[in-house]
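Working notes, structure below.
What follows is calculated from the coordinates using simple rules that are stated; it is not laboratory data. On a predicted model such as this, the values are computed, not experimentally measured, just so you know. Backbone-built Cβ (ideal geometry, glycine too); neighbour counts: all protein chains shown.
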C-alpha cells in the first residue's frame, strides 16, 4: 500500500488551475508565482517529480499569440490606428494574457504529470 492509496483521486484540472497539490488537492503547488517548493505543505508529497519543462511556455505562446494577434489584426483593420496605439493597447494585453496563463498551465501540466506518473525515459538493463 502506497501513500497515494490514502488520498482520494484529485482531478488534475481542479487541482492544477488554482495551483493545489496533485495528491491531496489542499496544499500549495507554488511558493511564489511559478516556483515549485520541495514538498506539499499539507500532505508532504515530494515535488521532485515536477518538471514541466518548456510545455507551459509553448502552450502560452500558442494561445496568447492567437488571442493577441487576432485582437491586433481586428484593431488594425477596423480602426486603422497609428502604431503607438498598438503598442499602448496590445503590449499590455500580451503581458496580461501570458502572465495569467503561465501559472495556470504549469499547474495543470504538473498535476497531469503526477496523475499519469510521467517521468524521463530510462533504459532497462
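Assuming R0 = 41 Å, what is the FRET efficiency of residue 5 and residue 61, from their Cβ-Cβ distance, to the nearest 0.05?
0.60
Take the alpha carbon atoms of the chain, find their radius of gyration, then divide it by 2.2 N^0.38 Å using N residues; give the quotient.
Normalised Rg, Cα atoms only: 1.38.
Pick out which of 85, 97, 108 has the largest mean-square fluctuation in a Gaussian network model of the chain, springs linking Cα atoms closer than 10 Å.
85
What FRET efficiency comes out for the pair residue 33/residue 85, r = Cβ-Cβ distance, R0 = 22 Å, nearest 0.05?
Efficiency computed from Cβ-Cβ geometry: 0.15.
Counting other C-beta atoms within 10 Å, which of 124, 80 has the fewest, and how do the rest follow?
So the residues, fewest neighbours to most, are 124, 80.
I'm a student and want to see the number: the projected area of the Cα convex hull of segment 1-43, averaged over all directions, in nm².
3.1 nm²
Calculate for the chain the 222 nm mean residue ellipticity that helices alone would give, adding -39,500 (n - 2.57) per DSSP H run of length 4 or more and normalising by residue count, nearest 500 deg cm²/dmol.
When only DSSP H runs of four or more count, the value is -17500 deg cm²/dmol.
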